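The values are calculated or read from the model by the stated rules, or taken from the named source; none is laboratory data. This structure is a prediction, so every number in the text was calculated from the model and none was measured. All Cβ positions, glycine included, derive from the backbone under ideal geometry; neighbour counts span all protein chains shown. SASA here: full protein model, heavy atoms, side chains in, ligands and nucleic acids out. Shrake-Rupley method; radii C 1.70, N 1.55, O 1.52, S 1.80 Å.
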Amino acid sequence: GDSVTQTEGPVTLSEGTSLTVNCSYETKQYPTLFWYVQYPGEGPQLLFKVPKANEKGSNRGFEATYNKEATSFHLQKASVQESDSAVYYCALSNSAGNKLTFGIGTRVLVRP
Amino acid sequence: GPKVLQIPSHQIIDMGQMVTLNCDPVSNHLYFYWYKQILGQQMEFLVNFYNGKVMEKSKLFKDQFSVERPDGSYFTLKIQPTALEDSAVYFCASSSHRGANTGQLYFGEGSKLTVL
């Protein structure tokens, strides 16, 4: 079946530094890839998606490139803020579009 | 933005009892999902539901589990009887169409179930 592997957290960093959360996936199909974010006390919410290989998605300063050859979709942000503290989930959908498969989630803690 | 409400936020029950988790999806959404997350582990797909039917379910969706949405009210997950391994946070989600491909699933805040 489909699987998603991502950086094991927690990741702790200071405001203004750069963030990378690695994500790799396995699927026999042609997936759409997503990053979701979950803030404390809330449910996960979509950060952005990328449906096509070799394209980039971005939102709120975060970005990720769908690398089909490497089966990777790493999340990056050049300069994090304290408000970026959250859990980040990499996810993929199958071609049938019936469900999302999530990674374990990476807790990111940004210190002021 | 659109909100999915889950009731209760936390429930503690004894093993063997029945529990119903309720989800009030975004209005006009047609697709509904349940995910299970055990502490420290990833969110895992349980089931999705459309037009009164289960479309797909995972191995985690045991025979003791059932879902329904009677008359457009709450989308419910019922577990009867419960087991210790059912302790987890259950997330409900909804989407306006085949949302998994668009990525636009809206999640609730989760219902934490503790089975003693």
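Within the range A:78-112, take every residue that is charged (D, E, K, R) and open to solvent by 20 Å² or more (accessible area, probe 1.4 Å) and give me the one that is nearest to B:S96 (Cα to Cα).
Among them, the one singled out is A:K99.
Identify all residues within the range A:51-94 that are within 14 Å of chain B (Cβ to nearest Cβ), outside any loop (DSSP other than H, G, I, E, B) and over 11 Å from the mean Cα position of the chain (by Cα); write none if there are none.
A:N59, A:A86, A:S93
Please determine, by comparing only the residues of the range A:1-34 that are more than 9 Å from chain B (Cβ to nearest Cβ) and among the aromatic types (F, W, Y), which one is most open to solvent (accessible area, probe 1.4 Å).
Among them, the one singled out is A:Y30.
If you go through the range B:34-44, how many residues are open to solvent by 20 Å² or more (accessible area, probe 1.4 Å) and either more than 10 Å from every other protein chain (Cβ to nearest Cβ) or free of Cβ contacts under 8 Å to residues at least 60 places away in the same chain (or both)?
Total satisfying the criteria: 7.
Restricted to the range B:64-90, and to residues that are at pLDDT 90 or above and charged (D, E, K, R), which residue is farthest from the chain's Cα centre (by Cα)?
Once the filter is applied, the top-ranked residue is B:E85.
Determine if the range B:11-33 includes at least one residue that is surrounded by fewer than 21 Cβ atoms within 10 Å (Cβ to Cβ), of a type outside the set (A, V, I, L, M) and within 11 Å of chain A (Cβ to nearest Cβ). Walk me through it before giving the result.
The initial filter retains those residues of the range B:11-33 that are surrounded by fewer than 21 Cβ atoms within 10 Å (Cβ to Cβ), namely B:11-20, B:22, B:24, B:26-30.
Remaining after also requiring of a type outside the set (A, V, I, L, M): B:11, B:14, B:16-17, B:20, B:22, B:24, B:27-29.
Keeping just the survivors that are within 11 Å of chain A (Cβ to nearest Cβ) gives none.
The answer is no; no qualifying residue exists.
State whether the residues of the range B:85-96 include one that is within 30 Å of A:T5 (Cα to Cα), of a type in the set (D, E, K, R) and out of contact with any Asp or Glu (no Cβ under 7 Å at 6 or more places or on another chain).
At the first step, the residues of the range B:85-96 found to be within 30 Å of A:T5 (Cα to Cα) are B:85-96.
Next, only the ones that are of a type in the set (D, E, K, R) stay: B:85-86.
So of that shortlist, the ones also out of contact with any Asp or Glu (no Cβ under 7 Å at 6 or more places or on another chain) come out as B:85-86.
Yes: one or more hits.
Select, from B:F61, B:F49, the only residue that is within 11 Å of the chain's Cα centre (by Cα), in a loop (DSSP other than H, G, I, E, B) and crowded, with 16+ Cβ neighbours inside 10 Å.
B:F61
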